[in-house]
1. Among Ala36, Ala11, Gln67, pick out the residue whose Cα is farthest towards the positive end of the charge dipole of the chain, where Lys and Arg carry +1 and Asp and Glu carry -1 on C-beta, about the Cα centre.
2. With charges only on Cβ, +1 for K and R and -1 for D and E, what is the dipole size of the chain about its Cα centre, in debye, rounded to 20?
3. Want the number for Tyr28 to Arg48: 0.36 nm per residue separation, take away the alpha-carbon distance, what's left?
4. Once you list every other residue whose beta carbon is under 11 Å from the beta carbon of Leu15, what net charge do they have if Lys and Arg are +1 and Asp and Glu are -1?
5. Which order results if Arg40, Arg33 are arranged by neighbouring Cβ count within 10 Å, fewest first?
6. Quick one: divide the alpha-carbon radius of gyration of the chain by 2.2 N^0.38 Å and tell me what you get.
Amino acid sequence: MTGDVAGLGSAGHPLLGAVVALADGDGYLFTGRLSARSHRWLADHVVRGSVVLPGTALLELAARAAQETGTRVVEDLVMEAPLV
């Protein structure tokens, strides 16, 4: 999903559809839609019949959010449960 999403600014990233600053000015909201239809590589990540987002994709999302907000690195990323 790319481009303007419901009036939000484009995140310019294949996994993130849009970004908007929070109303209180204390952060950002990133949004996007992932599906096996739009991201065919997800079909390669099926566990017991369910598509699971690989950890490297979560790291990519975190790294892009960090870049958008002026942070240089992602120091730590802990996955407590898979994103199905």
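Please treat every number below as a calculation from the coordinates, not as lab data. What you see is a predicted model; the values in this text were computed from it and never measured. In this analysis, Cβ positions are derived from the backbone assuming ideal geometry, glycine residues included, and neighbour counts consider all displayed protein chains.
1. Farthest along the dipole direction, towards plus: Ala36.
2. It works out to roughly 440 debye.
3. Gain in length upon complete extension: 3.7 nm.
4. In short, +1.
5. Arg40, Arg33
6. The chain yields a ratio of 1.18.
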